[in-house]
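K.L.:
Supplied in structure tokens, the structure appears directly below.
The values are calculated or read from the model by the stated rules, or taken from the named source; none is laboratory data. As the structure is a prediction and not an experimental result, all values here were calculated from the model. Here the Cβ positions follow ideal geometry from the backbone for every residue, glycine too, while neighbour counts run over all protein chains shown.
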Amino acid sequence: MSVTALKEAPQTPRRTPAEVVRLARPKTPVAARARAALHWFAVSVLPPLVVAALLLLLWELLCRGAGATLPPPSRIWADSKDLIVDPFFVAGPQDIGLGLRVLVSLQRVAVGFGLAAVVGVLLGALVGQSVWAMRGLDPIFQMLRTVPPLAWLPLALAAFRDSSPSAIFVIFITAIWPIIINTAVGIRNIPQDYRNVAQVLRLNPIEFFWKIMLPSAAPYIFTGLRIGIGLSWLAIVAAEMLTGGVGIGFFIWDAWNSSRLPDIIVALVYIGVVGFVLDRLVAAVGGFVTRGTAAS
Amino acid sequence: MPAYLQLSQIGKTFTRGAATTEVLKEVSLDIAKGEYISIIGHSGCGKSTLLNIVAGLTPATTGGVILDDREVNSPGPDRAVVFQNHSLLPWLSVYDNVRLAVDKVFSGTRSRAERHAWTLHNLDLVQMGHAKDKRPAEISGGMKQRVGIARALAMEPKVLLLDEPFGALDALTRAHLQDSVMQIHASLGNTILMITHDVDEAVLLSDRIVMMTNGPSARIGEVLEVNLPRPRRRLELVANPTYLKAREAVLKFLHERHRFVEAA
């Protein structure tokens, strides 16, 4: 057969009726999603649950004996069941659920931390932007930030002559240092390119603050905020132990004075959970706000 | 030709402690309106410093810059810069990056709708209208540079300053962008001052090529007129004698008379 013969016989496409092949049905998205949820559960939820159960068991075994100084989990459940199952009961002015107490403490943290965030970012911007402010203020900040939160309390009580603003002040003074320092670092790290753009556009200082400084330094600022909220939550419990009121810190102190050890342990769990949630909350807000700020 | 942008006797000395380095010495150049000027030289010869002085980002030690009969010594939107690394703000979309410049320059003179239209118009000019809602991280390097050009054009600058605008791009993308810039220059008639270290780019785009001697104390060594008619087409120029001659002249200047001396 010659080569041309091949060319002369164009293949006519045969039209056979198309056969319908039934394909295996794709997995329904519901099933896939359930599988993903199961996987997430097995990876992220199950391990800590198992470890917690084991720890509780160990604790139960250790504190069961007659000479144990701390109550075992079973006694905590028996004695403080009302605190565990109903966080929001109200049974009198000083006898309220731990959830409500936590809310009172959170309110103080919100005010103190909110003030610290605003003042801290502004001061941090000043220190980061101005060489002279940094030279003058940075050593002072570095010294003051090492002062333990509670050491401020007597001064605050003397100045405000009231416990509630004093507690808020302690939160403020505790949270502000990491916010200032991280903001200042973030602003010092604004790339020169962005500053050049701002100069060519002739952005005024206020526009520069909103349009360049804050977005560019946001990842640093949120690191500072996250450290700050953690420290605030540490400080409020300690401050409330000394100042009284209805906060969760005072509840622990009160329980200690009336020898209700199970209540203290329940309160500790509340504090831990709330601190964890606060940290994740700030991290989540930070992740949302700073999406896309990473330079490329 | 009357000078539109005039660099007169510019000198720049950097002082660090007791050590002083003279980077630029007595650089004078008159640029006419609508002219496309390239500044070429080995790296470290102070060409970027010169551009920054024209932009107002770096103050000159001696001499000065006169633009449209006014001395300029601070940055402003009348001398828009396209930076080598695009310098787009990563937290803003492509549209918002351009809109920021438009809002800043025209907030007093144009309505909101006009500014919106002007932003889109400039994005279309660089063929980036389709990506207006993307963030800089989501587009390619060439596209980022296009947006940078759109942002600069949107300010309606008297002079467009390009600081090695295509230096970080691959050869094909660079050619596309060069064609775009030529088109824009042809239709808008901008006055353009471009820093480059690419000989072909300089010859293809420029009306005049300013060749700098090596630093320290760099000066203008030679100015070469490129007498090629516009519009210029890359492919037709490949064998064009004028093009080849200009190319040869620049290469000879850079590699024979002012060879780059490696720092010892």
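K.L.:
Yes or no: residue A:190 within 14 Å of another protein chain (Cβ to nearest Cβ), within 19 Å of residue A:123 (Cα to Cα) and not in a helix (DSSP H, G or I)? Steps first, answer last, please.
P.N.:
Values: within 14 Å of another protein chain (Cβ to nearest Cβ): yes; within 19 Å of residue A:123 (Cα to Cα): yes; not in a helix (DSSP H, G or I): yes.
Against the criterion (within 14 Å of another protein chain (Cβ to nearest Cβ), within 19 Å of residue A:123 (Cα to Cα) and not in a helix (DSSP H, G or I)), residue A:190 qualifies.
K.L.:
To continue, here is another question. Can you name the residue in the stretch B:65-76 that is touching a residue at least 24 places away in the same chain (Cβ under 8 Å) and surrounded by fewer than 20 Cβ atoms within 10 Å (Cβ to Cβ) and, of all such residues, is nearest to the other protein chains (Cβ to nearest Cβ)?
P.N.:
For the stretch B:65-76, the residue satisfying everything is B:68.
K.L.:
Could you please let me know if residue A:258 is surrounded by fewer than 21 Cβ atoms within 10 Å (Cβ to Cβ) and either within 14 Å of chain B (Cβ to nearest Cβ) or more than 23 Å from the chain's Cα centre (by Cα) (or both)? So that I can check it myself, show each step before the final result.
P.N.:
Details: surrounded by fewer than 21 Cβ atoms within 10 Å (Cβ to Cβ): yes; either within 14 Å of chain B (Cβ to nearest Cβ) or more than 23 Å from the chain's Cα centre (by Cα) (or both): yes.
Yes.
K.L.:
Name every residue in the stretch A:199-215 that is among the hydrophobic types (A, V, I, L, M, F, W, C), in a helix (DSSP H, G or I) and at the interface with chain B (Cβ under 9 Å from one of its Cβ atoms), in order of residue number. Talk me through it step by step, then tell me what you get.
P.N.:
The first filter runs over the stretch A:199-215 and keeps only residues among the hydrophobic types (A, V, I, L, M, F, W, C), leaving A:200-201, A:203, A:206, A:208-210, A:212-214.
Now restrict to residues that are in a helix (DSSP H, G or I): A:200-201, A:206, A:208-210, A:212-214.
Of everything in the stretch A:199-215, those that are among the hydrophobic types (A, V, I, L, M, F, W, C), in a helix (DSSP H, G or I) and at the interface with chain B (Cβ under 9 Å from one of its Cβ atoms) turn out to be A:200, A:201, A:212.
K.L.:
Wholly within the stretch B:42-112, which strands (runs of 3 or more DSSP E) include no fewer than the required count, namely at least 3 residues that are modelled with pLDDT of 90 or more? It would help to see each step written out before you state the result.
P.N.:
Details: elements: B:62-67, B:70-72, B:79-82.
Here the list reads B:62-67, B:79-82.
K.L.:
Given the conditions (1) over 13 Å from the mean Cα position of the chain (by Cα); (2) within 14 Å of chain B (Cβ to nearest Cβ); (3) buried (at least 20 other Cβ atoms within 10 Å of the Cβ), and given that residue A:247 satisfies all but one, which numbered condition is not satisfied?
P.N.:
So the condition that residue A:247 fails would be (2).
K.L.:
Right, something else. When the stretch A:282-292 is examined, which residues are found to be away from every other protein chain (no Cβ under 14 Å) and either buried (at least 18 other Cβ atoms within 10 Å of the Cβ) or without any contact (Cβ under 8 Å) to a residue 12 or more places away in the chain (or both)? Steps first, please.
P.N.:
First, pick out the residues of the stretch A:282-292 that are away from every other protein chain (no Cβ under 14 Å): A:282-285.
Correct list: A:282, A:284.
K.L.:
Between a residue in the stretch A:128-150 that is modelled with pLDDT under 90 and any residue that is outside any helix (DSSP H, G or I), which pairs come within a Cβ distance under 7 Å, given they are 6 or more apart or on different chains?
P.N.:
none
K.L.:
Take residue B:215 and decide whether it is over 26 Å from residue B:110 (Cβ atoms), in contact (Cβ under 8 Å) with a residue 12 or more places away in the chain and within 14 Å of another protein chain (Cβ to nearest Cβ). Reasoning before the result, please.
P.N.:
Working: over 26 Å from residue B:110 (Cβ atoms): yes; in contact (Cβ under 8 Å) with a residue 12 or more places away in the chain: yes; within 14 Å of another protein chain (Cβ to nearest Cβ): no.
It is false that residue B:215 is over 26 Å from residue B:110 (Cβ atoms), in contact (Cβ under 8 Å) with a residue 12 or more places away in the chain and within 14 Å of another protein chain (Cβ to nearest Cβ).
K.L.:
At pLDDT below 90 and of a type outside the set (A, V, I, L, M): which single residue out of A:245, A:228 fits that description? Working first, answer last.
P.N.:
Numbers: A:228 fails: at pLDDT below 90.
Just one listed residue meets the conditions, A:245.
K.L.:
Taking the condition touching a Pro at 6+ places or on another chain (Cβ under 7 Å) and farther than 22 Å from residue A:277 by Cβ, does residue A:79 pass? Before the answer, list the steps.
P.N.:
Numbers: touching a Pro at 6+ places or on another chain (Cβ under 7 Å): yes; farther than 22 Å from residue A:277 by Cβ: yes.
Answer is yes for this residue.
K.L.:
Oh, and also: Restricting attention to the stretch B:101-114, which residues are within 14 Å of chain A (Cβ to nearest Cβ) and either of a type in the set (D, E, K, R) or crowded, with 18+ Cβ neighbours inside 10 Å (or both)?
P.N.:
Within the stretch B:101-114, the subset within 14 Å of chain A (Cβ to nearest Cβ) is B:101-108.
Result: B:101, B:102, B:103, B:104, B:105, B:106.
K.L.:
Also, I was wondering about something else. Is it the case that the stretch A:121-136 has a residue that's out of contact with any strand residue (DSSP E or B) (no Cβ under 8 Å at 6 or more places or on another chain) and outside any helix (DSSP H, G or I)?
P.N.:
yes
K.L.:
Which numbered condition trips up residue A:279, out of (1) buried (at least 21 other Cβ atoms within 10 Å of the Cβ); (2) modelled with pLDDT of 90 or more?
P.N.:
Failing condition for residue A:279: (1).
K.L.:
Oh, and also: State all residues of the stretch B:77-99 that are buried (at least 22 other Cβ atoms within 10 Å of the Cβ), within 7 Å of chain A (Cβ to nearest Cβ) and without any contact (Cβ under 8 Å) to a residue 60 or more places away in the chain; if no residue qualifies, say none.
P.N.:
B:89, B:91
K.L.:
While we're on this one: Identify the residue in the stretch B:52-64 that is surrounded by fewer than 22 Cβ atoms within 10 Å (Cβ to Cβ) and under 17 Å from residue B:210 (Cβ atoms) and, among all such residues, is farthest from the other protein chains (Cβ to nearest Cβ).
P.N.:
Ranking the qualifying residues of the stretch B:52-64, first place goes to B:63.
K.L.:
Related question: Could you go through the stretch A:261-271 and let me know if any residue there is away from chain B (no Cβ under 14 Å), in a helix (DSSP H, G or I), within 19 Å of the chain's Cα centre (by Cα) and not aliphatic (A, V, I, L, M).
P.N.:
Checking the stretch A:261-271: at least one residue is away from chain B (no Cβ under 14 Å), in a helix (DSSP H, G or I), within 19 Å of the chain's Cα centre (by Cα) and not aliphatic (A, V, I, L, M).
K.L.:
What number goes with the only condition from (1) more than 20 Å from residue A:214 (Cα to Cα); (2) at the interface with chain A (Cβ under 10 Å from one of its Cβ atoms); (3) assigned to a loop (DSSP other than H, G, I, E, B); (4) at pLDDT 90 or above that residue B:133 does not pass?
P.N.:
The single condition residue B:133 does not satisfy is (2).
K.L.:
Go through (1) at pLDDT 85 or above; (2) out of contact with any Ser or Thr (no Cβ under 7 Å at 6 or more places or on another chain) one by one and return the number of the condition residue A:112 breaks.
P.N.:
(2)
K.L.:
Moving to a separate point now. For the stretch A:1-75, give me every one of the helices (runs of 4 or more DSSP H) that falls completely inside it and has 1 or more residues that are over 18 Å from residue A:262 (Cα atoms) and modelled with pLDDT of 70 or more.
P.N.:
On the way: elements: A:3-8, A:29-40, A:46-63.
Hits in the stretch A:1-75: A:29-40, A:46-63.
K.L.:
Checking the conditions here, which among A:218, A:116 is under 24 Å from residue A:277 (Cβ atoms) and within 14 Å of chain B (Cβ to nearest Cβ)?
P.N.:
Step by step, each of A:218, A:116 is checked, and only A:218 is under 24 Å from residue A:277 (Cβ atoms) and within 14 Å of chain B (Cβ to nearest Cβ).
K.L.:
Looking only at the stretch B:190-197, decide whether some residue is free of Cβ contacts under 8 Å to residues at least 24 places away in the same chain and either over 28 Å from residue A:206 (Cα atoms) or within 14 Å of chain A (Cβ to nearest Cβ) (or both). First the steps, then the outcome.
P.N.:
Keep residues of the stretch B:190-197 that are free of Cβ contacts under 8 Å to residues at least 24 places away in the same chain, which gives none.
No, the stretch B:190-197 has no match at all.
K.L.:
Another question about this same structure. Can you name every residue in the stretch B:1-24 that is in a strand (DSSP E or B) and either closer than 25 Å to residue B:36 by Cβ or aliphatic (A, V, I, L, M) (or both)?
P.N.:
Narrowing the stretch B:1-24 to residues in a strand (DSSP E or B): B:5-16, B:19-24.
Scanning the stretch B:1-24 gives B:5, B:6, B:7, B:8, B:9, B:10, B:12, B:19, B:23, B:24.
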